[in-house]
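Note sheet for the following structure.
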């Protein structure tokens, strides 16, 4: 049967991989291409690169990184961060990215999803969403944008369902409350959304120990998990994580 | 020369990168006129919609060339939607295809028994790493009992899939490998030197690279295959 996927997330600012907690206090971890190659060798199932660079001039660095990564690793990787039009998507895919992730811009201009899906296919278009627990919302969770800095009136579950109706092939749910804390994923919102949509759901934000991955892949109903702090700080290796999951009855890819 | 057909969609960079890393001479061809006369193998990668791919192949003049190539049983590797268009028909967009291998491309959504798939856990598309079960060789000659496509690749090795429609062949001899996802489907199809993989070998790490190498190495010669 289909294995659960372990995906390493690399936030890239000005050409370097960084890591923050709840989107603040970014620390430099290293060179994105070197890290990608290292995680590939360690058996990661997929990679995601988020371009968190503030300025537009620095965006071209991302295309160079994508090309270099595609030259060196032969597993799927996605790219997200500041994607605003079909030309951006096309450039990234042509340079070797498997999927692109739409987040803030899609909330304000949802038809970018439809256009992206029409031109490139659902399998290339991922919805990234940042969510915050909020009891005023029907699902109990509110969507935030711009790296968690701006609030919206969108309910997390309805936005997820709308994006799927428009054709996204996958949803990554990032919990702002949990992000970088290493205290565990938000299994509640992950399960709520996974239960309601037909597309694969990826849990993101809060992974600190392998037990957290077990929880969100089982109770949380996720098909895949994003990890960052756990591996960027060298706390765990991918092999240790995968072995733990396998020992706990979760089917993962071990033949790398 | 290995020629990679570019019909204007999808990620041909990765296939190109794999073949370059294997040190074969390779060219990306954007038009049927650009296919060089010393082409020994054709790679047909595809993503997205099967009907759209067929439409683009027609518009760019690739179809007559491919049909002749197929008639000659020359080496051809279709990947993902490129494998789907090797069949007779695809339900995705309802299009006739190249008819290299009799069969049709079917929808997971219509054919997976959803009463068994509880709580939306059989997601569509089928996305991720899944086991590819090699079928016993169909060779009558018992001295060779492994398909050279799988040379050095353990049975049940995982490869990367991403698709909402799956391959279904009429003659079971044309199924070289199967995979289970809600139902069992052909993950590799083949007839003579024409092979189709539903998964992306160029995104499947070292085993995917080896499979591509096996195709390029063993399918250019004169020997009969599985």
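Observations, loosely collected:
- When only Cα pairs below 8 angstrom with a gap of at least 6 residues are kept, region B:1-95 shows a relative contact order of 32 percent.
- GNM remark for chain B: springs join alpha carbons under 10 Å apart, and the peak mean-square fluctuation among B:67, B:134, B:84 falls on B:67.
- FRET efficiency, 1/(1 + (r/R0)^6) with R0 25 Å, evaluated for residue A:134 and residue A:28 via beta carbons: 0.15
- Length-normalised contact order for region A:1-90 - Cα pairs under 8 Å, 6+ apart - percent: 31
- Gaussian network model of chain A, Cα within-10 Å springs - most flexible of A:186, A:88, A:51: A:88
- Chain B: relative contact order as a whole-number percent, Cα under 8 Å and 6+ apart: 20
- Prolate/oblate/rounded label for region A:148-223 (Cα gyration tensor, a/c 1.5): oblate
- Look at the Cα gyration tensor of region B:158-226: its axes a ≥ b ≥ c give a/c of at least 1.5 with a/b at or below b/c, and that counts as oblate.
- GNM result for chain B, Cα springs below 10 Å: residue of B:197, B:39, B:90 fluctuating most strongly: B:39
- Taking other C-beta atoms within 10 Å as the exposure proxy, A:232, B:174 rank A:232, B:174 from fewest upward.
- Ranked list, fewest to most other Cβ atoms within 10 Å of each Cβ, for A:240, A:170: A:240, A:170
- A:190, B:157 arranged by Cβ crowding within 10 Å, fewest neighbours leading: B:157, A:190
- Structure-based [θ]222 nm, chain A - -39500 (n - 2.57) summed over DSSP H runs of at least 4, per residue, nearest 500: -10000 deg cm²/dmol
Each value in this text was obtained by applying a stated rule to the coordinates, not by laboratory testing. Everything numeric here is computed off the predicted structure, so don't read it as measured data. A quick note on method: Cβ atoms are made from the backbone with ideal geometry, for glycine too, and the neighbour counts reach across all protein chains shown.
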